[in-house]
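Engineer: Before we start, here is the structure in question, set down as structure tokens.
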Amino acid sequence: MSTRIENVSVALGEDYPEIRESVQRICADFPGAYWRDMDAREAYPTEFVRAMTESGYLAVLIPEEYGGAGLPIRAAGVILQECHAMGCYAAAAHAQMYTMGTVLRHGSPEQKKKYLPRIASGELRLQAFGVTEPTTGTDTTKLKTRAIRKGDHYEIHGQKVWTSRALHSDLMLLLARTRPVEECEKKTDGLSVFLVDMREAKGAGMEIRPLPAMINHNTTEIFFDGLKVPAENMIGPEHKGFRCILDGMNAERILVSHESIGDARWFIRTASKYASERIVFDRPIGRNQGVQFPIARAYAETQGADMMLRKAAALFDAGLPCGEDANVAKLLASEAAWNAAEACMQTHGGFGYAREYDVERRWRECRIQRIAPVSTNMVLAYIAEHVLGMPRSY
């Protein structure tokens, strides 16, 4: 069960108003037509990512000494939330934010000095997170990608899947097994984290293949066959990478949940406007409670999820345990967004299927949040075991 936590404050209302207004101005240059074109061509939104990079918003978590803004994860979340509330799709660039949970907390001073200034300036992109594998899925401790020490480097063999943005990234955070699981006391031992320079790796033991999907997420599968990674590129202690990667995973859950809140607000605003303007049987359809209530309920669910998310972000920024809160926030935010999407689609009726309204595209995009980066059922299993003390189910 949750323990008593003191001296952690949670802001109410529209915090970071200057950031919100600035992000809204940037996003106004990327209307629905831009994203429809990206979706139709399965293209990477290079112009949008460039604009976010040049504004400094993708470097918001990087400390000022390395060229970033040094702001809390809540500020980063607000940026992503406003992007999605404006109808943009920040998933094209959000990995650079959540990987900082691992890099900043466990990277060496030398690694930070070498990479962070160039990431902050936009010279380098850190947009790939290599964890999931085709045979193990969310059972991370059973991953089969191996990293074998050979002198001053490690040799990587294995495969990753659903590694988004790999074709548009210079660096990748990679989790691999450095000690066989049967030789470990705990199954979470024996894993290590590496920062892979993908520019050097392509064609030298690493192959990237696009993986077309229901949404334009620029996702891929990656094959490793003897890729050499310098030992100095290991982040954190050898065999203790699972603990390091958790900070990245909690950050990821918190940040993508902000995107879900932004999605929900877009759907609620869009549905409310359409319901007020659409005339059927000589009256706005929004007069009907059957139309009103699903939208109103989605609003209530979004408000509740937002408060849980603010708490998770506050705990993360305070350096306190936040696994429970990050997972609960992820569950509530993703479901609030999906219910808002369903309400918006139903409100629009047949026009919800028309691409020009952007509802069908955004409906497809928000659905993934109930599956990735962690599925709803995995969150429920975590709560049952680690919060409520029930027997482990898997």
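The values are calculated or read from the model by the stated rules, or taken from the named source; none is laboratory data. If you're wondering where the values come from, they're calculated on a predicted model, not measured in any experiment. Virtual Cβ from ideal backbone geometry, glycine too; neighbours counted across all protein chains shown. When the accessible area is computed, the model is the full protein with side chains, heavy atoms only, and any ligands, DNA or RNA have been set aside. Shrake-Rupley method; radii C 1.70, N 1.55, O 1.52, S 1.80 Å.
Engineer: Quick one: ILE62 ticks every box in (1) open to solvent by 30 Å² or more (accessible area, probe 1.4 Å); (2) part of a loop (DSSP other than H, G, I, E, B); (3) among the aliphatic types (A, V, I, L, M) bar one, so which box is it?
Structural biologist: (1)
Engineer: On the given criteria, is GLU182 modelled with pLDDT under 95, part of a helix (DSSP H, G or I), of a type in the set (Asp, Glu) and under 18 Å from ALA147 (Cβ atoms)?
Structural biologist: For GLU182, the condition - modelled with pLDDT under 95, part of a helix (DSSP H, G or I), of a type in the set (Asp, Glu) and under 18 Å from ALA147 (Cβ atoms) - is met.
Engineer: Could you grab me the full set of residues in segment 190-208 that are out of contact with any Lys or Arg (no Cβ under 6 Å at 6 or more places or on another chain), on the phi > 0 side of the Ramachandran plot and in contact (Cβ under 8 Å) with a residue 40 or more places away in the chain?
Structural biologist: Matches in segment 190-208: GLY205 only.
Engineer: Consider segment 285-329. How many of its residues are small (Gly, Ala, Ser), under 20 Å from ILE268 (Cα atoms) and open to solvent by less than 50 Å² (accessible area, probe 1.4 Å)?
Structural biologist: The total comes to 5.
Engineer: Here is a further query. Among (1) assigned to a helix (DSSP H, G or I); (2) open to solvent by less than 50 Å² (accessible area, probe 1.4 Å); (3) in contact (Cβ under 8 Å) with a residue 60 or more places away in the chain, there is one condition ALA43 misses while meeting the rest; what is its number?
Structural biologist: It fails just one condition, (1).
Engineer: Looking at the structure I just gave you, is ASP263 more than 24 Å from ALA340 (Cβ to Cβ) and not aliphatic (A, V, I, L, M)?
Structural biologist: Spelling it out, it is not the case that ASP263 is more than 24 Å from ALA340 (Cβ to Cβ) and not aliphatic (A, V, I, L, M).
Engineer: Okay, moving on. Can you report the number of residues in segment 185-218 which are assigned to a loop (DSSP other than H, G, I, E, B) and of a type in the set (A, V, I, L, M)?
Structural biologist: Here the count works out to 5.
Engineer: Another one. How many residues does segment 211-233 hold that are aliphatic (A, V, I, L, M) and surrounded by 22 or more Cβ atoms within 10 Å (Cβ to Cβ)?
Structural biologist: Here the count works out to 3.
Engineer: Right, something else. Just to be sure I understand, how many residues within segment 86-125 are touching a Gly at 6+ places or on another chain (Cβ under 7 Å) and without any contact (Cβ under 8 Å) to a residue 12 or more places away in the chain?
Structural biologist: Number of matching residues: 0.
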